[in-house]
Amino acid sequence: MTSHAATIDHHHDPSTATGIPNKKLLMWAFLASDCMFFGALISTHLIYRLHPPSGSIRPLDVFDIQLTSFSTFILLMSSLMMALAVNAIQKGNVRSCRWSLLTTMFFGTIFLGCQVFEFNNFVLEHHMTISNSLLGTTFFTLTGTHGCHVAIGVLWLGLMYVRSFKRADGVGGAGPWGANLLHLAALFGTLLLAMKFVIELVWSLHGFNGYSLTGFAGREFLTLGGTLVAIGACFWFARPAGAVDFNERHAIDVESMGLYWHFVDIVWIVIFTAVYLLEYL
Amino acid sequence: MTAPAATLPASDHGHHDESKFPLYVEIAMLLAVITGVEIIGVYLPFAKWMIVTALVTLSAVKFMFVIFYFMHLRWDKPFCTILFFIGLVLTGGTMWALLQLFGATASLPLPT
Amino acid sequence: MDATAKSDFLPQEEHAPAKTFVLWRPIAPTGLMGWLTTVDHKKIGFLYGLFALFFFIVGGFEALLIRTQLMVPNNTVLTAQQFNTMFTMHGTTMIFLAVMPLGAAFFNFIMPLQIGARDVAFPRLNAFSLWTFCAGAIILNIGWFLPVDRFGAPDASWVGYAPLTSKTFNPAHATDFWIMGLQLLGVASIAAALNFIVTIINMRAPGMTMMRLPVFVWMTLVTSFLIILSFPAITIALVELMMDRNFGTNFFEVSGGGMPILWQHLFWVFGHPEVYILILPAMGIVSEILPCFSRKPLYGYPIVVFSGACIGFLGFAVWSHHMFTTGMGAVATAAFSLATMCIAVPTGVKIFNWIGTLWGGHLQMRTPMMFALGFIWMFMIGGFSGVMHSAAPADAQQQDSYFVVAHFHYVLIGGSIFALLAGIHYWFPLIFGRMVSEFWGKLSFWVIFVGFNVTFFPMHFLGLNGMPRRNFTYDPNMGWNTANFVSTIGAYILGLGILIYFIVMVYTYLKGERVGPDVWDGRTLEWSIPNPPPEYNFRVIPTVHARDAWWYEKHHQEEIAQEKAEHAKAEDTHGGIHMPFSSIYPFVASCGILIAAIGVSALDADWVHPGIHWKLGVTLTGGVIMFAGIYLWALEGAEGYHLHPPGDDHTPDATAKKH
Amino acid sequence: MRLTTLLTKLFCLNVSAFLILGGGSLLRASDANFFVMDGRQTTIFTEGPVARSQTDLFFVTCWVTLVIFILVGAVLAYATVKFKARNAADEHAEPPPQSHGNPLVEIGLIAGSVLALVIIAIPTLKAIWFTYDVPGVETRAQFEEMLQKGEAYEVNATGYQWWWRFEYPGELATVPESGGKAPLATANELIIPAGRPVRFNLRTTDVIHSFWIPKLAGKVDMIPNRANFLWLKADHPGYYWGQCAEYCGDSHAVMRFRIVALGPKDFNDWLDSQLQPARNVPVKTAATGGAKAQFASLRAFRQNESGFSSRFDVAPLEAWKEKQFPEKNEDPELIAKGKALFTAKTCVGCHTVRGHGAQGVTAPELTHVGARTTIAAGLLENNHEQLQRWIHNPGAAKPGNKMAKGYLDNKITLTDADEAALVAYIESLK
Ligand code: HEA
Ligand code: HEA
Ligand code: CUA
Ligand SMILES: [Cu+2]
């Protein structure tokens, strides 16, 4: 560090006293802090699991290990895609990076969908709500906070994806920020509608929450239609249009986002073991 | 920030050239396999403490793989690792202490 | 986001890229907009200082009311409820709105100058921290202006022990304001701390190695680490409490199996590191002032630095010493008792090295030095009563008595506040280019010093004589009358001293004697620049060759002058000094957060309550504004312009041009 | 320059005037010797082994740190004086040698500090185990044995906003209402046997309180959903002051209580009388012509006005003993009226008076309230005046008080005559 700092050309030099980019350092410091956030939450959950009030719900009666394993697997794969996205942009491969970003987002959304399903299931089928039991209180708060982290990650991914279309010449339809916003809207429209569709589908197959096996007719198709429209809009916004201001110089932005995403993944690794698996012993 | 690859110090740079694609895929597979083992593990008829130890170890391994490979710590300046581990170690210590405090008999809640 | 880096590899365009109206960026506006959009670490630091001093007066005023009520037994100046509100807000205000931001003011203003940087690593994030801090301060205090029955100011003490803070025992929204206020202050502090960490690690001038950092910078770094690692604990505790109050969860709800003791643990996991967050910057300041006025380097620099880090680390291992009376069991009590005692060792090391610094020096008894010496004496007393607390069984008698109040005011006022006041005096000539008169400075010191001791020393006796804290009244037959009376008189003297201090500051700011740069014959880099410092801080980024960098420069002038000239030339060929654009979006985002937080604090647990839609509407509106602010902030990018300081080869009128 | 000098002189003059005047008024104040610390809640002059161990430890810490303070302070003072620049020439002299430190000195000082801490740590550890050595906390059987042998005593103490309930699990009192027996319960005045270790099971039903009798033992908190214990022993019979030490809401400051430690015989006598149901004052004996109780109508009390007569304050233990006997000039008719009112005004909904049909549980037990020296959790002396002050407007005496809320909820209004009758009745409950 010492000799390095003394020898670098300090003027306008993008590299820093340590050679670590500022954004990366910021991210690592933030993650160190985030450890403590989740540490406090997980501790709360475990403490109450060690001292459950009498007559409380048994986790095994509500948990669904298949679903959780599936979403764990999906989140792991999203981490892989994230790593690939960083790898791609570091080599200046914008197209590949975009696809990886989209896949990451997609997996993230599936994870969230699973969580929405899981929460609904717990509340409606097993009557475990956030307020009627201590288990519900700590479980929903912990996994919900994690879910919020995933959701913020998906949002960030979406912003990055849309940003990758920023034109190098700075011109474009409603101005760069207007087009940007619409593109973003289309993207999240797609994700939300698709998620809604899938959940409706599953519900109707399970036949609860006001849906019945035979009821697969009206609402679902409406959602499906909306999804398709939104996808179309995404394609339209993503049409090739000249050079973009997005390349290996922006690798650090993608990389710091990736750090966040992977962190969310490792938190889940801990939650999966501490909150779910240990209960099965 | 936004350091273009070209201006990064050479030591950092070299790794960006050869693709890590295969490595990443391998690691992802490894992680999936470990997760599978964990899930099966909880149903195995071993002593509880053994399974708990195994689960904790396996999770720790996954954790380390993700931070050192996916999150690049292995190739980054050691300072990043130090930075993160300060947080990690303090969190671990605090969680341990909290669980101990609430595990002690003197801290039990009132019997209901 | 970083200002200095990007321009080099962006195409050096002659004209700014086409920008729409929303993303238009002010270069160097003045007036109100100038302050709201500023990203200059010095202006931000100044604002932090201004707000902090304002709240110090507010908190002090609350303290005087507390003391007035306690002046005589069975007094009726305040009602019980008002009194409880007063000490709650006094504690909260002093800690979160006075001492912490005053520390942040110095971090912002001084730290970049000491490491030879032109700004912090993320200037806009810095502005965001400032405005979010303001939002938190507003929410904390908003209750004063609302009806007492349903809102009112918080009155659950600064530690807010569950279940007194639950809806059952505290139905008014006062507690919700307290929760959301602290939550925002946490966000602001964490964001600022992250920024400082990156700045210190990454923005050091060439040659400024970690072991050459001024001790104040080191303490900033340690403090920042404490902030990012301890605030999450209270954030989570507050989230849980908020959920209990608004969403019917059971974290601290006994009827649902919750354990209120958990709140105490989470709070003190934060709370103890927090007290070191308050003292370490102070120690940093003192470690700057003593060498300067002894004309000698700090004695044992490496060990002072190391002991600072050590205190920070140990600070995470002792939280339960605030809970000795909660019946943790013998083993846990013993463990925390011993761990707490250990902290005396690194702290002692600092004291010894400060004395070592004085030893053999040429001590110049200027006002900052007086405050710094006062700090050592008073902090020692406070530290020793801390050690008395750490002996758990003895603490069983002292906990929640005035002995604790005496302890923490000795470390907080005799420690933190003395050092911060010293810092204001010390850096005043640098910041404003004027110097405080020695006579008035010393007078304020002595009045404060006397007033402080008269106020708080008798409290030790009160505590040992069994007077519990947080008491709005006491009976005349307890043997507490005189000590309380003396203490109140002392508080008035102290208030007078502080009044003198502030009047002198304001007078000096307006009319004080103008001074040239480097009035104190300083040792660190901030003294190498003109005062008040120019926007860009350093005409040429310095190259550091030794620990007390500026002292070294002064003694190796030719060598340095040559080096500087070369660097200046190099900089000009790159197009001048790079400055970041101002931005309004951090302010917008903070406003959004403020509105959303007000909405959340007004929510009711009863979700079919008639006003709920309106309140949700406010919350969502705030959320949308916040999101819009962050979105546009991200979109506008971290660009900047180039500046040619007057006096170089370029035409003077071309001081600012966009690229 | 001249002006400054003048101002300085004036200032000094003012300060001295102030000090003289202030000093004078201080000396006149009642407890000018506050540094003696011999107040009613002193932690320095202790009267039981637990508090003594804590005070002894305090003095160890105090002496060790005092010695360090003197040593370090002396060096600091010496350095400040010795190396001070005396004049301008001195200030502008060549800077002193730029020395950087000496590892040997550092190590020596660190070792010294550690040593000092060890001196503190050893008695600390001893005292921790001593205070945590609550009788019979390990097994119930062992504790029963100790109780049998009279080596220990047990009391359940429960904190309420803002009063205390004390229950004696080993003493069964007759409950005429149910025809059975129930553990003896009292409120706000704690009677313990002197010379016997007493174990307290500390509980709370609402928020956190802290149980503190400074002269007998350091405090232990009462925490919801948590079982805490404390033990203490009073060396000899005496009257003690206690107070809630954890902020618990509006009236935390006036959540006080009194403790009476009694010798074996007195204690047994007290128990015997307490185990009885509340006393009935037969109306007929009134004919014997006891003087009618006189009640002046209530004078206005200032907010926070002290609730004690100085006579009681000087000799509280004697006052307590007096209180154990029926009042001298009882007015049976008035008492009977009060008894009726007690039911009519719904006091019975909250308070228990064993044998008089009152079985409320949310408020202090009043079966033998007349035999206590204080009411409203140690805030007011138990005499006509203060009783009337209390039932006239409980909220004024104790802010936020739950009884005041009860008045509102149950729409209780009392006339002066009602108050007089109720007071007479309450005083008769011995
Ligand atoms: C600036 C803030 C600050 C600082 C620096 C400290 C420093 C210390 N504090 Fe303090 N403390 C508070 C702020 C602070 N505290 C506050 C606000 C509370 C109350 C919170 C509330 O309840 O509202 C509190 C409460 C508090 C308690 C809980 C009391 C109770 O409620 O029962 C304890 C218990 O152990 C404690 C201990 C200590 C110790 C051991 C130190 C040590 O760090 C002190 C070390 C310093 C020295 C010892 C002096 C110098 C050393 C030498 C000269 C070397 C040689 C000395 C020896 C070997 C002894 N503090
Ligand atoms: C850094 C923190 C800090 C600071 C600086 C102070 C400063 C002061 N505090 Fe502090 N105090 C706390 C932190 C702090 N306090 C905390 C955390 C608590 C615990 C809260 C709780 O229990 O929850 C507490 C509690 C507390 C109590 C105990 C309340 C109780 O338990 O019932 C008391 C009582 O005397 C007190 C007094 C004072 C006084 C007299 C000052 C003085 O130093 C103030 C000096 C300042 C001024 C006087 C104002 C400036 C001048 C003017 C406004 C000009 C006008 C002046 C005149 C007209 C004379 N404080
Ligand atoms: Cu009960 Cu304070
Ligand atoms: Cu502490």
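The values are calculated or read from the model by the stated rules, or taken from the named source; none is laboratory data. Small disclaimer: the values here were computed from a predicted structure and weren't measured. Don't worry about glycine lacking a Cβ; one is built from the backbone with ideal geometry, like all the others, and counts go over all protein chains shown.
Give D:115, D:125, D:147 a once-over and let me know the one that is in contact with a strand residue (DSSP E or B) (Cβ under 7 Å, 6 or more places away or on another chain) and not assigned by TED's automatic domain parsing to the domain that holds residue D:201.
Numbers: D:115 fails: in contact with a strand residue (DSSP E or B) (Cβ under 7 Å, 6 or more places away or on another chain); D:125 fails: in contact with a strand residue (DSSP E or B) (Cβ under 7 Å, 6 or more places away or on another chain).
After ruling out the rest, the residue left standing is D:147.
Looking for whichever is of a type in the set (D, E, K, R) and without any contact (Cβ under 8 Å) to a residue 24 or more places away in the chain here; the options are C:149, C:155, C:119. Which one fits? Even if it seems obvious, please write down each step before you answer.
Values: C:155 fails: without any contact (Cβ under 8 Å) to a residue 24 or more places away in the chain; C:119 fails: without any contact (Cβ under 8 Å) to a residue 24 or more places away in the chain.
When all the criteria are applied, what remains is C:149.
Taking segment C:235-250 on its own, how many of its residues are closer than 18 Å to residue C:183 by Cα and within 9 Å of another protein chain (Cβ to nearest Cβ)? Quick ask: steps written out before the conclusion?
Keep residues of segment C:235-250 that are closer than 18 Å to residue C:183 by Cα, which gives C:235-247.
From what's left, within 9 Å of another protein chain (Cβ to nearest Cβ): C:235-237, C:239-240, C:243-244, C:247.
Total satisfying the criteria: 8.
Which members of segment D:199-225 meet the condition of being in a loop (DSSP other than H, G, I, E, B), within 16 Å of ligand 2 (Cβ to nearest atom) and of a type in the set (D, E, K, R)? Spell out the reasoning first.
Within segment D:199-225, the first condition is being in a loop (DSSP other than H, G, I, E, B), and the residues that meet it are D:205-208, D:214-216, D:223-225.
Now restrict to residues that are within 16 Å of ligand 2 (Cβ to nearest atom): D:207-208.
If the condition is that a residue be in a loop (DSSP other than H, G, I, E, B), within 16 Å of ligand 2 (Cβ to nearest atom) and of a type in the set (D, E, K, R), then no residue fits.
For residues that are in a strand (DSSP E or B) and out of contact with any helix residue (DSSP H, G or I) (no Cβ under 8 Å at 6 or more places or on another chain), scanning just segment D:235-265, find the one that is nearest to ligand 1 (Cβ to nearest atom). Spell out the reasoning first.
Our first condition is that a residue be in a strand (DSSP E or B); within segment D:235-265, this holds for D:238-244, D:256-262.
Adding the requirement that they be out of contact with any helix residue (DSSP H, G or I) (no Cβ under 8 Å at 6 or more places or on another chain) leaves D:240, D:242-243, D:256-257, D:259, D:261.
Details: D:240: 22, D:242: 18, D:243: 16, D:256: 20, D:257: 21, D:259: 23, D:261: 27 Å.
Per the criteria, the residue is D:243.
Here's the yes/no breakdown for (1) within 15 Å of ligand 4 (Cβ to nearest atom); (2) in a helix (DSSP H, G or I):
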position: C:365; (1), (2): no, no
position: C:376; (1), (2): no, yes
position: C:385; (1), (2): yes, yes
position: C:393; (1), (2): no, yes
position: C:404; (1), (2): yes, yes
position: C:408; (1), (2): yes, yes
position: C:416; (1), (2): yes, yes
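Yes/no matrix, rows are residues, columns are (1) modelled with pLDDT of 90 or more; (2) on the phi > 0 side of the Ramachandran plot; (3) facing another protein chain (nearest Cβ under 8 Å); (4) assigned to a helix (DSSP H, G or I):
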| position | (1), (2), (3), (4) |
| --- | --- |
| A:37 | yes, no, yes, yes |
| A:48 | yes, no, yes, yes |
| A:54 | no, no, yes, no |
| A:66 | no, no, no, yes |
| A:73 | yes, no, yes, yes |
| A:82 | yes, no, yes, yes |
| A:95 | no, no, no, yes |
| A:115 | yes, no, no, yes |
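Among (1) away from ligand 4 (no atom under 16 Å from the Cβ); (2) away from chain D (no Cβ under 14 Å), where does residue C:84 come up short?
Failed condition: (2).
Conditions tested, residue by residue: (1) within 26 Å of residue C:288 (Cα to Cα); (2) within 13 Å of another protein chain (Cβ to nearest Cβ); (3) free of Cβ contacts under 8 Å to residues at least 12 places away in the same chain; (4) within 11 Å of ligand 2 (Cβ to nearest atom).
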residue	(1), (2), (3), (4)
C:494	yes, no, no, yes
C:497	yes, yes, no, yes
C:506	yes, no, yes, no
C:512	yes, no, no, no
C:539	yes, yes, no, no
C:545	yes, yes, no, no
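Kindly list, by first and then second residue, each pair from a residue in segment C:253-280 that is more than 10 Å from chain A (Cβ to nearest Cβ) and within 17 Å of residue C:227 (Cα to Cα) to a residue that is within 14 Å of ligand 2 (Cβ to nearest atom) and of a type in the set (Phe, Trp, Tyr), limited to pairs with Cβ atoms under 8 Å and residues at least 6 apart or on different chains.
Cβ pairs passing all conditions: C:267/C:161; C:275/C:408; C:279/C:379.
Are any residues in segment C:425-445 surrounded by fewer than 23 Cβ atoms within 10 Å (Cβ to Cβ) and touching a residue at least 24 places away in the same chain (Cβ under 8 Å), and if so, which ones? If you could, list the steps in order and put the result at the bottom.
Just the residues of segment C:425-445 that are surrounded by fewer than 23 Cβ atoms within 10 Å (Cβ to Cβ), to begin with: C:431-435, C:437-440, C:442-443.
Matches in segment C:425-445: C:431, C:432, C:433, C:434, C:435, C:437, C:438, C:440, C:442, C:443.
Checking residue C:569 against (1) more than 35 Å from the chain's Cα centre (by Cα); (2) not in a helix (DSSP H, G or I), which single condition isn't satisfied?
Condition (2) is where residue C:569 drops out.
Out of B:63, B:84, B:79, report the one residue that is in contact with a Ser or Thr (Cβ under 8 Å, 6 or more places away or on another chain), of a type outside the set (Gly, Ala, Ser) and facing chain A (nearest Cβ under 7 Å).
Details: B:63 fails: in contact with a Ser or Thr (Cβ under 8 Å, 6 or more places away or on another chain); B:84 fails: in contact with a Ser or Thr (Cβ under 8 Å, 6 or more places away or on another chain).
The unique qualifying residue is B:79.
Applying the selection to segment C:461-480, what residues are crowded, with 24+ Cβ neighbours inside 10 Å and in a helix (DSSP H, G or I)?
C:461, C:462, C:463, C:464
Can you tell me which residue is surrounded by the most Cβ atoms within 10 Å (Cβ to Cβ) among those in segment A:145-166 that are over 16 Å from residue C:630 (Cα atoms) and facing chain C (nearest Cβ under 10 Å)?
A:166
Checking residue C:371 against (1) modelled with pLDDT of 95 or more; (2) surrounded by fewer than 24 Cβ atoms within 10 Å (Cβ to Cβ), which single condition isn't satisfied?
Evaluating residue C:371 over (1) modelled with pLDDT of 95 or more; (2) surrounded by fewer than 24 Cβ atoms within 10 Å (Cβ to Cβ) leaves (2) as the failure.
Would you say residue C:497 is small (Gly, Ala, Ser) and either on the phi > 0 side of the Ramachandran plot or modelled with pLDDT of 90 or more (or both)?
When the stated conditions are applied, residue C:497 passes them.
Can you tell me which residue in segment C:258-284 is farthest from residue C:366 (Cα to Cα), limited to those that are among the β-branched types (Val, Ile, Thr) and more than 15 Å from ligand 2 (Cβ to nearest atom)?
Here is the first cut: in segment C:258-284, the residues among the β-branched types (Val, Ile, Thr) are C:261, C:269, C:275, C:277, C:279.
With the extra rule that they be more than 15 Å from ligand 2 (Cβ to nearest atom), the set shrinks to C:261, C:269.
On the way: C:261: 49, C:269: 39 Å.
Applying the filter and picking the extreme gives C:261.
Being away from ligand 3 (no atom under 16 Å from the Cβ) and under 23 Å from residue C:524 (Cβ atoms) is true for just one of C:330, C:339, C:344, C:309. Which residue is that? Talk me through it step by step, then tell me what you get.
Values: C:330 fails: under 23 Å from residue C:524 (Cβ atoms); C:339 fails: under 23 Å from residue C:524 (Cβ atoms); C:344 fails: under 23 Å from residue C:524 (Cβ atoms).
None of the other options fit; the residue is C:309.
With (1) within 16 Å of ligand 4 (Cβ to nearest atom); (2) surrounded by fewer than 24 Cβ atoms within 10 Å (Cβ to Cβ); (3) within 30 Å of residue C:240 (Cβ to Cβ) as the list, and residue C:342 as the residue in question, which single condition is left unmet?
(3)
Kindly indicate the residue of segment C:310-338 that is aliphatic (A, V, I, L, M), more than 10 Å from chain B (Cβ to nearest Cβ) and touching a residue at least 24 places away in the same chain (Cβ under 8 Å) and also surrounded by the most Cβ atoms within 10 Å (Cβ to Cβ) among those meeting that condition.
Filtering segment C:310-338 for residues aliphatic (A, V, I, L, M) gives C:311, C:314, C:317-318, C:323, C:328, C:330-332, C:334-335, C:338.
Cutting the leftovers down to more than 10 Å from chain B (Cβ to nearest Cβ) gives us C:311, C:314, C:318, C:334, C:338.
The next check asks that each one be touching a residue at least 24 places away in the same chain (Cβ under 8 Å); those that pass are C:311, C:314, C:318, C:334.
Details: C:311: 24, C:314: 20, C:318: 22, C:334: 18.
Taking the candidates together, the pick is C:311.
What are the residues in segment D:99-152 that are facing chain C (nearest Cβ under 9 Å) and among the small types (Gly, Ala, Ser), if any?
Matches in segment D:99-152: D:99, D:101, D:112, D:113, D:116, D:121, D:127.
Which residue, of C:424, C:431, C:413, is of a type in the set (A, V, I, L, M) and within 11 Å of ligand 2 (Cβ to nearest atom)? Explain how you work it out, then say what you get.
Working: C:424 fails: within 11 Å of ligand 2 (Cβ to nearest atom); C:431 fails: within 11 Å of ligand 2 (Cβ to nearest atom).
The conditions single out C:413.
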